[in-house]
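Only one structure is covered here, and it is reproduced in the block below.
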Amino acid sequence: MSEGTLPLFEVFVRAKRGLSHVHVGSVHAPDATMAVRNARDLYTRRQEGVSIWVVAASDIVASSPDEKDSFFDPAGDKIYRHPTFYDVPEDVEYL
Amino acid sequence: MTGTAYSAYVLGLADDALIYSHRLGEWLTWAPQLEEDMALANVSLDLIGQARALLTHVGSLDGTGRSEDDLAYLRDERDFRNVHLVEQRRGDFAQEMARMLWFSAYQKALYAALAGSADEQLRAIAAKAHKEVRYHHDHAAQWVVRLGDGTQESHAKMQAALTWVAPYVDELFDDSAPGVAEALAAGVGVLPSSLRAAVSADVEAVVAEATLTMPAVPKWRARGGRDGVHSEPMGYLLAEMQHLPRSVPGARW
């Protein structure tokens, strides 16, 4: 059996409580239940996580590299979107 | 102290884990998928961890002071106390899952029961190992269900695998094994036959979910492993497992 015949799942692992799940890689598996188990064996061998999410790679809708120009470049010159134009009062220590 | 008397019982548990660990290690690069290579290697590593702790304990119990390595590498075939089930050659993947299903169900019941052992060391090893073997059982069950309830071919192979493994099951529940009576008298061990009902129910539930049927009662049964009488594959396994430490005594990484 070649791995190519099994669907691909993307794996997200939460390192500890309070952090969000972070994409760590992908696994092949016959279904989602087995994918969680395969992910456990591949990505949490060294106590990297306390929770695992998997999602079928085919279910992910992603932006296309071809759309990079129209998607991301327009934000480049809009410096006013960064909150850097406020004067911080001296007495406010943590902001 | 009846230490020496029941060490044979603990040795049986240790050798089961050690030899099955070796067999599972043989799957590396041969599993149906890369992910399964990792899964089987993980199970194998869990088992060798159990074997190491148990063998070390045996070395202190039997008064010989042998280390885990002495016991694993410097004993001959007749001194190994594992059941025939774990020494059988690597078959197809369905056979491995059938073997793992029975063995992990057995270990799960065993380690749960050993939580009440009078031997503190054994109790601690069992508590840690129980979590591990619960996962092994889950892994085997997941695959048995998928293969049984999969395609026509996978169903047939999984059914054949259950038939293949059946003659090796009884030996796990043999009360006449060396050290069992002593272990029971000392409040240390578990009567093997007392685990049978729970283990069988465990396996039968998975088999039913997998749309498979339990095989007929086998016409022959493996026996003798706990007394050191093994089947043909055992010698080959030991030759491979023990070759290095025997050829180069004291070899270090």
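What follows is calculated from the coordinates using simple rules that are stated; it is not laboratory data. Owing to the predicted nature of the structure, the values given are computational and were not obtained by experimental measurement. No Cβ is skipped: glycine too gets one built from the backbone with ideal geometry, and neighbour counts run over all protein chains shown.
From the square roots a ≥ b ≥ c of the eigenvalues of the alpha-carbon gyration tensor of the range B:142-253, which class results: rounded (a/c under 1.5), prolate (a/b over b/c), or oblate? Could the numbers behind the result be given before it?
Values: a/c = 2.24, a/b = 1.33, b/c = 1.69.
Since a/c reaches 1.5 but b/c is at least a/b, the shape of the range B:142-253 is classed as oblate.
Summarised as an ellipsoid, the protein assembly as shown has semi-axes of 47, 27, 19 Å, derived from the eigenvalues of the Cα gyration tensor scaled by 5 and square-rooted, with the largest first.
Put a plus charge on the Cβ of each Lys and Arg, a minus charge on the Cβ of each Asp and Glu, and nothing anywhere else: the dipole of chain B about its Cα centre is then about 140 debye. Look at the alpha carbon pairs under 8 Å that are at least 6 residues apart: their mean separation over the length of chain B gives a relative contact order of 26 percent.
Taking the alpha-carbon centroid of each part, what is the distance from the range B:2-51 to the range A:1-60 in angstrom? Distance between centres, Cα-based: 25 Å.
Note on B:Lys219: lysines with a C-alpha under 26 Å away, same-chain residues under 8 apart excluded, are B:Lys157. Grouping the Cα pair distances of the range A:3-81 into 10 Å bins from zero gives a pair-distance distribution of 17, 35, 24, 19, 5 percent in increasing distance order. One Cα centroid belongs to the range B:63-88, the other to the range B:122-198; the line between them spans 20 Å. Diffusion coefficient (Stokes-Einstein, Kirkwood radius over C-alpha pairs, 37 °C, 0.692 mPa s) for the range B:95-144: 300 µm²/s, rounded to a whole number.
Helix B:3-25 and the longest principal axis of the Cα set of chain B meet at an angle near 40°.
Counting only lysines at least 8 places from B:Lys131 when in the same chain, those with an alpha carbon closer than 29 Å to its own are A:Lys16, B:Lys108.
When you restrict to C-alpha pairs under 8 Å that are six or more residues apart and normalise by the size of chain A, the relative contact order lands at 27 percent.
By the beta-carbon count within 10 Å of each Cβ, the least crowded to most crowded order of A:Glu67, B:Glu87, B:Glu204, fewest first, is A:Glu67, B:Glu204, B:Glu87.
Just so you know, the Cα atoms of chain B work out to an Rg and Dmax of 17.6, 57 Å. Exposure proxy ranking for A:Phe12, A:Phe72, B:Phe80, A:Phe85, based on other Cβ atoms within 10 angstrom of each Cβ and starting from the fewest, stands as A:Phe85, A:Phe72, A:Phe12, B:Phe80. Counting neighbouring Cβ atoms within 10 Å and putting the fewest first, the residues A:Ile60, A:Ile52 line up as A:Ile60, A:Ile52. Principal-axis analysis of the Cα atoms of chain B puts helix B:34-61 at an angle of about 30° to the longest axis. Phi-derived couplings, Karplus 6.51 cos²θ - 1.76 cosθ + 1.60 at θ = phi - 60°, listed residue by residue for the range B:168-179: 8, 6, 4, 4, 5, 10, 7, 6, 8, 4, x, x Hz, with x used for Gly and Pro.
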